[in-house]
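Undergrad: Handing you this structure, nothing more for now.
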Amino acid sequence: MLGNICPLAKGAKAMSNRRYSDFSRRGLLTGAAAMLAGSAAFAGISPALAQSIATKIKDVQTMTIVGGRTYVFVKVTTENGHFGIGEAYGSPGVGVAEQIRSLRTYLIGKNPLEIDKLYTFMGSGDAGLSGTRTDGSAHNLMRAVSGIEMALWDLAGKLLNTPTSVLLGGQFRQYVRVYDHSGPRDMFDKASCREWADQVKVHPSGFTAHKIDVPRTQGIWQPPRNPAPNAGRAAPLSPPVDGLAPNIDNARDPSNRQLTTKELMRIAQAYENCREAIGWDHDIMVHCHWEFDLASSLQLAEAVAPMKPLWLEDPLSVDYSDAWKRLAERSPVPILTGENLTRREGFAPFIVNQGCDIINPDLRNSGGFLETKRIADLAAIYGMPMTTHNTGSQLYTYQVCQWAASIRDFLACETVTGEGGWMDQVLRLDGPYIQKGYVKVSDRPGTGADLNKEVVEAHLAPGEKWWGDS
């Protein structure tokens, strides 16, 4: 009798008879939409909500803004006027906007709530394409697809009047920790380190975790380099400090992957200076750029271990090898990697072989919200927490924090925002963007991201218009 008066119950019964393997979070969205559309009379479900779900994709648009980096926004609009937005990879994302627009024909007319199906078969049927844009082949367009996928999740949350993090499984946290790229002007000068620490401790965003590049020496045949703002990879020439020699290094070969003895001694001193200045209430991360071999990575980890960094990031080359496993087994510092990996297949060897300690995807590379949620689920089996790489705008930072809320073992999200300039005004928000080093997770439908048109229009790339308006 309940089935006669409650179409929602009918749908639930039908769904319960399907095999468990048929389900995914994206698939459940479709099932929920079907039930809602057929049950407008059911208590608590308005006819307007049910009607809003019964819609198709009408258009896919891009919009690029600039400001130091390039940021590619994507918008998916439905026939009834609803829309979701996301951010695909920007700098140096050559051709990403064009790739997104190339997928427009595939998406138009599709059900926007069938996100798993859309992602899995993205681009199939294109002339000359055997396979899809997400199948791991040379035809992959993962940066474009990832941006579209995140826009679809924003749209799904709006259509279902629910935060995206809840659709992804629920909010494990209401605040997500974020960290900055910050370091002293000269890591070898204790006065400079104290100056940096004093500035950090009164920063309006309240960051309490800081990623600092590994300082390198200069080979005798290399031309002089300009000073770097935080004595990072291209550390400037400097006079002796506390007995340390200048950074001219007889053993430095800029083409190989070894750290010299002088570099190891200087690196240890540099991070010790930073730790002494900042104290133990703040965290430090050691930032590499896939530039070392196994032996040097181990020596580097040992050199910085007394400063208790949160992690050593990307010391070895990008792809998995057993060197990653050997490093993770022997390093006294947690090993983190993942920003350049795509799909579950790219992360699986690192997770299954314990090739690192912390998984660090960039959702704009890895496949978007659900694909990366699946990666997190796999990592959880092995007790490996998640962080997120992020060189994106305020839009991506805000949306990735929505995703991070749905991950139980999440540590922190990188950001290049939070400095108080126009980039912190790309979104219209009710309160401060970053407080005490945390972003508050929106409880509004979708990802809660609402672009500030005036700010975005003021920073459009040459030739761009607000969502292509004529």
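Undergrad: Out of everything in the range 359-371 that is part of a loop (DSSP other than H, G, I, E, B) and not charged (D, E, K, R), what residue ends up being farthest from Phe347 (Cα to Cα)?
TA: Gly368
Undergrad: Please find, within the range 194-213, the residue that is surrounded by the most Cβ atoms within 10 Å (Cβ to Cβ) out of those that are in a loop (DSSP other than H, G, I, E, B) and among the small types (Gly, Ala, Ser).
TA: Residue satisfying both the conditions and the ranking: Ser205.
Undergrad: Contact list please: Cβ distance under 8 Å, first residue in the range 172-188 and free of Cβ contacts under 8 Å to residues at least 60 places away in the same chain, second residue hydroxyl-bearing (Ser, Thr, Tyr), pairs at least six apart or on different chains.
TA: As it stands, the answer is Arg185/Ser192; Asp186/Ser192; Asp186/Ser238, since those pairs meet every condition given.
Undergrad: Quick test for you: out of Gly125, Gly131, Gly109, Gly169, pick the one residue that is over 21 Å from Val441 (Cα atoms), open to solvent by 10 Å² or more (accessible area, probe 1.4 Å), at pLDDT 95 or above and not in a helix (DSSP H, G or I).
TA: Exactly one of Gly125, Gly131, Gly109, Gly169 is over 21 Å from Val441 (Cα atoms), open to solvent by 10 Å² or more (accessible area, probe 1.4 Å), at pLDDT 95 or above and not in a helix (DSSP H, G or I), namely Gly109.
Undergrad: All but one of (1) assigned to a helix (DSSP H, G or I); (2) under 29 Å from Ser102 (Cα atoms); (3) open to solvent by 20 Å² or more (accessible area, probe 1.4 Å) hold for Ala191; which doesn't?
TA: Unmet for Ala191, out of (1) assigned to a helix (DSSP H, G or I); (2) under 29 Å from Ser102 (Cα atoms); (3) open to solvent by 20 Å² or more (accessible area, probe 1.4 Å): (2).
Undergrad: Collect the residues in the range 426-440 that are under 26 Å from Leu160 (Cβ atoms), under 17 Å from the mean Cα position of the chain (by Cα) and buried (at least 23 other Cβ atoms within 10 Å of the Cβ), keeping them in residue-number order.
TA: The one that is under 26 Å from Leu160 (Cβ atoms), under 17 Å from the mean Cα position of the chain (by Cα) and buried (at least 23 other Cβ atoms within 10 Å of the Cβ): Val439.
Undergrad: Find all pairs meeting these conditions: Cβ atoms under 7 angstrom apart; at least six residues apart or on different chains; first residue within the range 352-365 and among the hydroxyl-bearing types (Ser, Thr, Tyr); second residue at pLDDT below 95 and part of a loop (DSSP other than H, G, I, E, B).
TA: Pairs found: none.
Undergrad: Let me ask another. When you go through Arg408, Arg374 one by one, which is the residue that is open to solvent by 10 Å² or more (accessible area, probe 1.4 Å), in a loop (DSSP other than H, G, I, E, B), more than 30 Å from Lys453 (Cα to Cα) and charged (D, E, K, R)?
TA: One residue alone meets the criteria, Arg408.
Undergrad: Given the criteria under 24 Å from the mean Cα position of the chain (by Cα), closer than 23 Å to Lys453 by Cβ and touching a residue at least 60 places away in the same chain (Cβ under 8 Å), does Ala88 qualify?
TA: yes
The values are calculated or read from the model by the stated rules, or taken from the named source; none is laboratory data. Note that the structure is a prediction, hence the values are computed from the model and not measured. Every residue, glycine as well, gets a Cβ built from its backbone with ideal geometry; the counts of neighbours run over all protein chains shown. The accessibility values were calculated without ligands, DNA or RNA, using every heavy atom of the protein model including side chains. Shrake-Rupley method; radii C 1.70, N 1.55, O 1.52, S 1.80 Å.
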